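Quick notes on the structure that follows.
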Amino acid sequence: ANFLNSLTSSCVFLALSFLGGLCAVGQPVSVLTLFIRGLGIGSYMGYFYLAHSVQGVAYSLLLIVPGVLVSVLALGLSCRESLRMSNRILCSFLRGEALLNREIFTLYLKKHLILFIFLVASAGLDCILRAVFSGIFHLG
């Protein structure tokens, strides 16, 4: 259950970023996706700091930060690729050229497939860390 929860939440943001890259005016979607993910992670960790003080900091460092770090790096790379693709589509549209050739779109798909694999690894890391360290913390 932890694995699927972690993977699903990250994949929603990856999908939003991916879809933003397929739109000529998708740049704001990509930027907002990364911003909202960061805001959510920050508020989640801030809650642990505020509610559980030192134990909340330790919990965050051991159980939240490692998996989130991998997923946020993957999302950041996805947003970068999304911005590039969206800009390419916009420039092609403004010049009246063909929107996408097959190679560019295939490369975009392959990059996002690799980023999805990173998200799977992040969810796996999150699941392993929770199994190993969850007994240490008794947050109530």
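Please report the carbon-and-sulfur percent of the accessible area for the chain; probe 1.4 Å, protein heavy atoms only, DNA, RNA and ligands left out.
The C+S portion of the solvent-accessible surface of the chain is 74 percent.
Short version: ³J(HN,Hα) in whole Hz for each residue of segment 118-126, in order, from phi by Karplus 6.51 cos²θ - 1.76 cosθ + 1.60 (θ = phi - 60°), x for Gly and Pro, what are they?
4, 5, 5, 5, 4, 5, x, 4, 4
Quick one: accessible area per residue over segment 48-130, 1.4 Å probe, rounded to a whole number of Å²?
For segment 48-130, the per-residue accessible area is 58 Å².
Which of Gly76, Gly42, Gly26 ends up with the largest GNM mean-square fluctuation for the chain, with Cα atoms connected below 10 Å?
In this elastic network of the chain, the residue with the biggest mean-square fluctuation among Gly76, Gly42, Gly26 is Gly42.
Is it possible to state the helix-based mean residue ellipticity at 222 nm for the chain, with each DSSP H run of 4+ residues giving -39500 (n - 2.57), the sum divided by total residues, to the nearest 500 deg cm²/dmol? What is it?
Working: 4 runs with 116 residues, N = 140.
Value at 222 nm, helices only, nearest 500: -30000 deg cm²/dmol.
How about segment 62-140: which GluC sites (Glu not before Pro) there lie in a loop by DSSP and see at most 15 other Cβ atoms within 10 Å?
Within segment 62-140, the qualifying GluC sites (Glu not before Pro) (loop, at most 15 other Cβ atoms within 10 Å) are Glu97.
Contact order normalised by length for segment 34-125, with contacts defined as Cα pairs under 8 Å and 6 or more residues apart; what percent is it?
Numbers: 42 pairs, mean separation 31.3, N = 92.
This gives 34 percent for segment 34-125.
Count the net charge of all other residues whose Cβ sits under 12 Å from the Cβ of Ser71, scoring Lys and Arg as +1 and Asp and Glu as -1.
0
What does the C-alpha gyration tensor say about the overall shape of segment 70-134? Classify as rounded when a/c is under 1.5, otherwise prolate if a/b is larger than b/c, or oblate.
Numbers: a/c = 7.22, a/b = 3.19, b/c = 2.26.
Prolate, because a/c is 1.5 or more and a/b exceeds b/c.
Charges only on Cβ, +1 for Lys and Arg, -1 for Asp and Glu: so what's the dipole of the chain about the Cα centre, in debye to the nearest 20?
260
Only one of the values (1) -0.85, -0.97, -1.50; (2) -0.82, -0.89, -1.18; (3) -0.94, -1.03, -1.31 was calculated from this structure for log10 I(q)/I(0) by the Debye sum over Cα atoms at q = 0.16, 0.17, 0.21 Å⁻¹; name its label.
Read-out from the structure maps to (2).
Provide the gained length on full extension for the span Ile117 to Asn5, in nm with one decimal, where the gain is 0.36 nm per separating residue minus the Cα-Cα distance.
38.8 nm
Name the residue farthest towards the positive end of the dipole of segment 23-120 from the options Ala74, Gly42, Leu62, assuming +1 on Cβ of Lys and Arg, -1 on Cβ of Asp and Glu, about the Cα centre.
Sorting the options by dipole projection puts first Ala74.
The values are calculated or read from the model by the stated rules, or taken from the named source; none is laboratory data. None of the values given here were measured: they were computed from a predicted structure. Backbone-built Cβ (ideal geometry, glycine too); neighbour counts: all protein chains shown. Only protein heavy atoms, including side chains, enter the accessible area calculation; ligands, DNA and RNA are left aside. Shrake-Rupley method; radii C 1.70, N 1.55, O 1.52, S 1.80 Å.
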